[in-house]
1. May I ask you to list the residues in the stretch 31-42 that are in contact (Cβ under 8 Å) with a residue 24 or more places away in the chain and of a type in the set (S, T, N, Q)?
2. Of all residues in the stretch 206-227, which are of a type in the set (D, E, K, R) and either assigned to a loop (DSSP other than H, G, I, E, B) or open to solvent by less than 30 Å² (accessible area, probe 1.4 Å) (or both)?
3. All but one of (1) part of a strand (DSSP E or B); (2) farther than 24 Å from ASP222 by Cα hold for ALA125, so report the exception by its number.
4. So which of ALA230, ALA186, ALA236 ends up being assigned to a loop (DSSP other than H, G, I, E, B), in contact with a Gly (Cβ under 6 Å, 6 or more places away or on another chain) and either under 30 Å from PRO29 (Cα atoms) or of a type outside the set (D, E, K, R) (or both)?
5. Would you check if LEU232 is under 19 Å from THR131 (Cβ atoms) and modelled with pLDDT under 95?
6. Could you tell me whether any residue of the stretch 43-66 is farther than 18 Å from PRO22 by Cα, of a type in the set (Gly, Ala, Ser) and in contact (Cβ under 8 Å) with a residue 40 or more places away in the chain?
7. Go through the stretch 1-16 and report how many residues are crowded, with 17+ Cβ neighbours inside 10 Å and either free of Cβ contacts under 8 Å to residues at least 24 places away in the same chain or touching a Lys or Arg at 6+ places or on another chain (Cβ under 7 Å) (or both).
8. Of the conditions (1) in contact (Cβ under 8 Å) with a residue 24 or more places away in the chain; (2) touching a helix residue (DSSP H, G or I) at 6+ places or on another chain (Cβ under 8 Å); (3) surrounded by fewer than 18 Cβ atoms within 10 Å (Cβ to Cβ), ARG28 satisfies every one except a single condition; which number is it?
Amino acid sequence: MPTAIAVTSADLVLPAPDRHTPGAAVLRPPDEVDLESSLAETTALLERHGHLLVVTPPWLPPAVARRLYTVRAILETDRIAFLDVDLPPLGVAVLVRQLRQLTVCDFSPGVIASAARLLSHYVYAGALLGTVAKLDRVPVGLKAHARSWSPSAQFAVLAHPEPHLARLGTAPAPGAAVLPPGPGFATHLTFARGRLSSDWVAAELASAWQVQGVMENPLPVDSARWWATAKLVEFAAAIPDVAVLHQLVASVRREECRWCGLELIGDRCGFCSAPLAPPSAAPSHAGAPPGTSSPSGAPTASRPHARPRTRSRSRS
């Protein structure tokens, strides 16, 4: 069976792009299931799939994160990886879909785990917002804060890979761009509507970014909290083709983790978080999708976000 991908909320599991892409396991939160049931669910996933990759964005509620670490500690297993993905909720869901696509390829669990950091650099995630008065995810100037009080205000915001904010419907300052800078490679655009009535994302942004397809999905439950408003339309553009994803990951040199022995790409193991080489050594580099330009913020040279953990004493 393919390596299992798990999330903590069902709304992070987008529809499969084809019949070969498996789904993702949904690990229920502590307020829905007790510890004994969580242990049983996780054990069943390990027995069926061998390894479990759990996507753990930093905006998870503390109780959910504690439950995940408690389960892994009790099971004393090194076959569970926590993948810290610092993206907006819909961007996380898009990345989860890409990881699900990779599980049917000829990659080991260690390569898929470390590929999460690589692929996240090629996700363009943002939102159309009705207000930025409380937004703290990207830099917001005083003028934008003041204009947020207008009932008709709308702001185009890109949170990743580079912050960008502009108010729609106004003449841009000299040298400034209203539309967020788009990817230089082929993508599909996924969007989700909150309490903001606008077709700007599907009509204008999709056309400007020259995406190959547009898909609408329900808004993740954490999106309004992440963007600090329910008046939004969230969007994320990413590579949709599994063949391109495979080639991108396969083009990066594979190494063996000096701590746990699993394969990895990049500069840090996705399972035990051990670095590939001492800080003084030059980090390895990954390229852009074949035939495309690389976005700013090169993949493997950036500071890792994985939470450190100690090596398990035994295998489950």
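1. SER38, THR42
2. Within the stretch 206-227, the subset of a type in the set (D, E, K, R) is 216, 222, 225.
Matches in the stretch 206-227: ASP222 only.
3. (2)
4. Just one listed residue meets the conditions, ALA230.
5. Values: under 19 Å from THR131 (Cβ atoms): yes; modelled with pLDDT under 95: no.
So LEU232 fails the test.
6. From the stretch 43-66, those farther than 18 Å from PRO22 by Cα are 43, 56-66; that's our starting set.
Going one step further and asking which of them are of a type in the set (Gly, Ala, Ser), we end up with 63, 65.
Those still in the list that are in contact (Cβ under 8 Å) with a residue 40 or more places away in the chain too: none.
For the stretch 43-66, residues farther than 18 Å from PRO22 by Cα, of a type in the set (Gly, Ala, Ser) and in contact (Cβ under 8 Å) with a residue 40 or more places away in the chain: absent.
7. 2
8. (1)
The values are calculated or read from the model by the stated rules, or taken from the named source; none is laboratory data. Fair warning: this is a prediction, and the values are worked out from it, not measured in the lab. All Cβ positions, glycine included, derive from the backbone under ideal geometry; neighbour counts span all protein chains shown. Note: accessible area is taken over every heavy atom of the protein model, side chains too, but ligands, DNA and RNA are not part of it. Shrake-Rupley method; radii C 1.70, N 1.55, O 1.52, S 1.80 Å.
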